[in-house]
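These notes are about the structure you will find just below.
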Amino acid sequence: MKRIVSLIVLVGVLMSLLAACGSTPAASPTAAPATAAPATAEATAEATAEATAEATETAEATPAAMTVVEYILATAAGMTPEAAAALGTIKIASQSPLSGDQSALGTGIRNGVELAIEQANTALAGSGVEIAFAPFDDQAQPEVGSANAKNIVSDPDILCTVGHLNSGVALASLPDYSNANLVMISPANTNPKITESGYANAFRVVGRDDLQGPIGARFAQESGVKTVYILHDKTDYGQGVAEFFKLEAEKLGIEVLAFEGTDEKSDFSSILTNIQAANPDMIYFGGLYPQAGPLLRQARDRGIMAQFLGPDGLDSPELAKLAGDALEGTFYTTVAAPVSQFPNAAQYATDYTTKFNGAAPPFSAQAYDSAAFCQAAIVTAAVEANGKPTREQVLAAMKSLPALSGITGTYSFSEKGDPNPATYYIFSTNSDPALWDQNELTSKIESAPPTE
Amino acid sequence: MVAEANVSKQNLQRQRTLQTLRTVFMPLGQLLLFIVGSAAVLGLIVVVVAFFLSRSDPKIMQTAIAILPQVMIDGMVRGFLFATIALGYTMVYGVLEFINFAHGEIFMVGGFVGAGVAYLLMQWGLLSTLPWIVFIVIAIVMGMTVSGLLAMATERVAYRPLRNSPRLVPLISAIGMSLVLQDVVRLIATSSPLGFNARFETPNFGKPFQIASIPLGERAIPVQISPKAVIFIVAAMLMLLALNYLVNATRLGKAIRAVAQDRATASLMGINVNQIISLTFLIGGALGGAAGVLFGMNIGTVNPYMGFIPGLKAFTAAVLGGIGNITGAMVGGIVLGFLEAFVASYLSLFTGGAFSGASYADIAAFSILILILIFRPEGLLGESTTQKV
Amino acid sequence: MAKNPPHTPETGLWNQLNAWMTKGPAGYTFLSLYTLITSALLITNPRTSLFTDIVFVLFLLLILAIYRSRLDMRFKVGLAVVALGFVLPYFGTLNPYYIDVATQAGIFATLAMGLNVVVGFAGLLDLGYVAFYAVGAYLWSIFSTPQIGNMISGATPVGEGWFYLFIIIGLMVGGLFGVLLGLPVLRLRGDYLAIVTLGFGEVIRVLAVNLDKPINITNGAQGIKDIERPPLFFAPALKALGFNLDNNQLYQLFFYFMVLLVVLITMLVVGRLKNSRIGRAWTAIREDETAAIAQGIPLVRMKLMAFAVGASFAGAMGVIFASKQLFINPPTFDLLRSISILSMVILGGLGNIPGVILGAVLVTLLNLQILPRIAEILRTAKEAGLPIPQSFDPTQYQRLLFGLLMILMMIFRPEGILPEDRRRQELHDHDDEPVEGQA
């Protein structure tokens, strides 16, 4: 009897809790930052102008490249009707966390791929080429990623994968892709190991931490920083990028006062005491925004007014929400500027908002480009094979693609699969989460990947 | 005769009041003693180590001394956090001999309630107009109410049906409850405007109080304590006093002590044991909720998983001080807080950056727990003064 | 359970059906047909889909059905060998995903059996069990990769053939760590022990993250990659038999059989231990420590033994896991992992070996297949416009599920799905009395 009563109470409590969440449909903070802010602010206009100016500068250096979509259409036009008929089903897979803490970014990646495939299918409607989409959820966990990878590999129709938000998951899944010679093109992984581990099938359309860190260090030097206190979050990402920052900072003659890791999430008082004693010009934090927010707020509360710099892990409107006014004097380097910064991406931003009802999160435009490159490689391989290509043929086609311009930049892949050159951005922050898209672009740097 | 009787009655009355006052305020003295004591001991260790290390690098001594006062303040704030959470553990343990694993989550819920109250006040535009003391009282009272009731509900749902089962059974149920609470709060938070990482809005408390300024080279290192931290410490001390009064000087307290000592006999004496146990959970949960509000306000952010590690450390603190003993819990919290702050601030300084102090602070806390359990399982305040709640 | 008469009288349609289908000619026909149909469906539908998922779960349930049936032992063993030794591996060559799921389920089954020795047999709640697993995994990862050169300058990785030896070393080192942790803490009361082991688990994880300085032992948060795999000694033989498989498939089969073998050995060892003097001593300790001491049972030594035995299985499995996974990093060994292993043990039935294996398989399937599948269906439903809260995603709420599972199991069925006889009696002999009242 007692037990039944307690069961009823338990169920009742849960039901009322569920009801409570059901009745507040006001907002869904896990899903994407606020609504797309209309790009009207002066800052954006300036930044865009600046960006376009620089883009044209680089465009002078390399002759204007064909866009990926043009390339796909041109190539598909050369396909014989028999080949098109023999294609059968062709799929592109995506793997990213669709659940968990990082689902906002992961869902953006998935949606970017979906949009690219949909638009290409519409454009290719007459040629008989149609590509299907197979999204997977890696839950940001290495084992889930590698189990999914086996699943992807077992489906012979999947000829290309766009994937992984987290480097650890990508590294765990790459052996499986590699065994099947399946192309993996990453829209977000900045860890150098992705393309440095000897996997011929690994590509990415973003820069690398061993350049992102040093670019931060050069920025620090240019802003007159003499001493820096480096903190990181003890994850492969945060510690990795902080180490590259440290190496370059030391090379540039900036004094590194400390290099310390912490997985503390809330109370940073002990670290701040040490920072206060060290009195640096700049604090570099290699980590993500949930930690950076309270850290910044507590630091400013204590009267620590040093400049604050971090990698692309800080790139989220959540940071503005958590830190608020404390964001003054905060900068971040990133490989993914908000879509409003890309000259060609305005259309993408609108399309995304129309289809998915929310602004495109970081890395979503890169996912769109990744998928477009997948399609380009598949179509090229299909023309050569005169029918359904094998994974090896797609891989070969990917390696031989000419320099093509996507919506986030012009890419050709280096021997290892890195984009050559890659673009890095440095932004200063503003404290209004709704205006995060309009953070001021401080500088934009293009850099070739190391070749060694 | 009558007059004499009256006088002696008055005397008796006065003596009783004095007695009460002593039992209520004594622990505060004990606590201060431990604060001063552990600060002195750890400070001394730091100075001695720094002295030996400074032979190779004289800067170490300077820096070590310069940050010492600030480290002590950090340690004290951290200590009071552990102490207030530990009170809840120790109360429940005293009565039921059961580790309420979900207590860390009760603490977290308090933090979220505080953040929610602050959010609503801000939405209504009251946050900046309301006097700060009113804001704090509203937030704490709300946090205490929700957390206290929630603690009572968890006991009713997940622990009471298991009261006569083997020891392991309620413990596993408590671990389950801890996981459930984490994710239920997460579900609610992510569906509300607060979000997974919720910002704790506060009125502007102003700049930190500058206590001193220590010269280091050409610069001066400030020693400061933020107004929020002062509020935290004052509130924690008030809670300790109130709890002491409740347990030692009221009928309810007497009933609680009776149940703690012998449940069966207490029930024979006409005490409603179930009710007393519920009340114990209510009080412990309310204290945890208050700690959650104060902590959230202090650090500025709350998230659904923030309660687990502080909860674990608070349990360590309770064991360190002698579990079941109220003053012991406070003392254990303070000692642990100091220890962590010292390790976090000095380890990397003393090892030349080879060991990152902030990472090893957790290891220090758990090592202390193991050492205490091996060498002095009855805790710092020992069996002699242990008075079961 | 096959030998013992059931606890409740067999009434109701389900029980009668159950009784009819699990013995006699009906039983033989039913099981054979079951095996045949699920196997045929699996092999003809190798592509991953909802349908194959369901068939796969049914296929795994077959093992449970075989175990619960009351048929000739030879028939049962034969059927199990056909299912696990031939059908599943063959299906694995068609679709590597499912055999990976089966392998992971096997890994967790071993871990759950190991934890079961500590929690189920000896009644010591260990919340840091994954630490021993981590120790084994890091052991092989460090010694088989150039990481060893970072730790000891000039040292070179051991050859791939050492893998088998390292399973033994993992076993011993795991046991050693069990003793090291056990020595100081086993004098503690049960609930203190829970907290200390939890702390120990965290300490090991924190050490794994932090021991890249001052000497690089674990490579810190970056994790260790390119972990060595054992040589494929059986590849030429298979080739000679006409099986043309690539290396990847061979490794999958290899690890599947390796894990299966370890599961069988663990079952055997744990089963033997349970009914030995030691096992009875553990039970005595679990039931009543004071009485056990009075019986002359060496308390600390027996507890240490439980700790060491449990930990050694985790250590050995860690070696295999690292080699199978090729890449490990500290977040793999977090507290949630310990708790999910514990919930496997509790779900299946504390103390009962088949129950614990069932629990491990169920939780693994839940994590890898069922929850993601439900999430996918919910997402589709959401896209179709059904009102489902944006943030509600079942894969995201594993903790909630494990938590509810623990509470509900404790309240309603503390003996688990497949209970151990002794425990069932122990936990239910008060059922007729009112639960109300004082201790």
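So the values come out like this:
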| read-out | value |
| --- | --- |
| Helices (runs of 4 or more DSSP H) enclosed by region B:150-269 - at least 2 residues per element that are closer than 30 Å to residue C:349 by Cα and more than 7 Å from every other protein chain (Cβ to nearest Cβ) | B:168-191 |
| Matching option when the condition is assigned to a helix (DSSP H, G or I), facing chain A (nearest Cβ under 10 Å) and out of contact with any strand residue (DSSP E or B) (no Cβ under 7 Å at 6 or more places or on another chain), among B:315, B:342 | B:342 |
| Residue check for residue C:240: among the small types (Gly, Ala, Ser) and more than 7 Å from every other protein chain (Cβ to nearest Cβ) | yes |
| Tally of residues being touching a Pro at 6+ places or on another chain (Cβ under 9 Å) and under 30 Å from residue B:62 (Cα atoms) across region B:354-382 | 2 |
| Test result for residue B:7, under 30 Å from the mean Cα position of the chain (by Cα) and assigned to a helix (DSSP H, G or I) | no |
| Considering residues of region B:353-379 that are part of a loop (DSSP other than H, G, I, E, B) and facing another protein chain (nearest Cβ under 9 Å) only, the residue surrounded by the fewest Cβ atoms within 10 Å (Cβ to Cβ) | B:354 |
| The listed residue being buried (at least 19 other Cβ atoms within 10 Å of the Cβ) and either among the basic types (Lys, Arg) or out of contact with any Lys or Arg (no Cβ under 8 Å at 6 or more places or on another chain) (or both), out of B:189, B:220 | B:189 |
| Only listed residue being in contact (Cβ under 8 Å) with a residue 40 or more places away in the chain, within 10 Å of another protein chain (Cβ to nearest Cβ) and farther than 27 Å from residue A:85 by Cβ, chosen from A:135, A:142 | A:135 |
| Residue match in region C:56-75 (condition: surrounded by 14 or more Cβ atoms within 10 Å (Cβ to Cβ), at pLDDT 85 or above and within 14 Å of chain A (Cβ to nearest Cβ)) | yes |
| Scope region A:124-140; condition surrounded by 16 or more Cβ atoms within 10 Å (Cβ to Cβ) and either of a type in the set (A, V, I, L, M, F, W, C) or part of a helix (DSSP H, G or I) (or both); matching residues | A:124, A:127, A:129, A:131, A:133, A:134, A:136, A:140 |
| Selected residue (criterion: farthest from the other protein chains (Cβ to nearest Cβ)) from residues of region B:125-149 that are of a type in the set (Ser, Thr, Tyr) and closer than 30 Å to residue B:96 by Cβ | B:145 |
| Given (1) free of Cβ contacts under 8 Å to residues at least 24 places away in the same chain; (2) in contact with a Gly (Cβ under 9 Å, 6 or more places away or on another chain), index of the condition residue C:73 fails | (2) |
| Within region A:164-277, strands (runs of 3 or more DSSP E) holding 2 or more residues that are over 30 Å from residue B:200 (Cβ atoms) and more than 7 Å from every other protein chain (Cβ to nearest Cβ) | A:183-186, A:202-204, A:255-261 |
| Total residues in region A:406-440, condition assigned to a strand (DSSP E or B) and over 18 Å from the mean Cα position of the chain (by Cα) | 2 |
| Single condition residue A:393 does not satisfy, out of (1) out of contact with any Cys (no Cβ under 7 Å at 6 or more places or on another chain); (2) touching a residue at least 40 places away in the same chain (Cβ under 8 Å); (3) under 30 Å from residue A:91 (Cβ atoms) | (2) |
| Residue among C:219, C:210, C:275, C:244 that is over 26 Å from the mean Cα position of the chain (by Cα) and farther than 27 Å from residue A:197 by Cβ | C:244 |
| Lone unmet requirement of (1) away from chain B (no Cβ under 12 Å); (2) out of contact with any Ser or Thr (no Cβ under 6 Å at 6 or more places or on another chain); (3) surrounded by 18 or more Cβ atoms within 10 Å (Cβ to Cβ) for residue C:227 | (2) |
| Per-region count, region A:383-395, residues at pLDDT below 90 and either of a type in the set (Asp, Glu) or surrounded by 24 or more Cβ atoms within 10 Å (Cβ to Cβ) (or both) | 1 |
| Filter result (hydroxyl-bearing (Ser, Thr, Tyr) and closer than 25 Å to residue C:274 by Cα) within region C:95-122 | C:110 |
| Candidates B:71, B:36, B:24, B:48 - the one that is under 18 Å from residue B:339 (Cβ atoms), surrounded by 10 or more Cβ atoms within 10 Å (Cβ to Cβ) and in contact with a helix residue (DSSP H, G or I) (Cβ under 7 Å, 6 or more places away or on another chain) | B:71 |
| For residue C:206: the one exception among (1) closer than 21 Å to residue C:97 by Cα; (2) within 14 Å of chain B (Cβ to nearest Cβ) | (1) |
| Flag for residue B:91 being farther than 25 Å from residue C:403 by Cβ and part of a helix (DSSP H, G or I) | no |
| Any hit, region B:90-103, residues being over 15 Å from residue B:295 (Cβ atoms), surrounded by fewer than 21 Cβ atoms within 10 Å (Cβ to Cβ) and either more than 22 Å from the chain's Cα centre (by Cα) or away from every other protein chain (no Cβ under 14 Å) (or both) | no |
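The values are calculated or read from the model by the stated rules, or taken from the named source; none is laboratory data. Being a predicted model, the structure only gives us computed values, none of them experimental. FYI the Cβ positions are ideal-geometry reconstructions off the backbone, even for glycines, and counts take in every protein chain you see.
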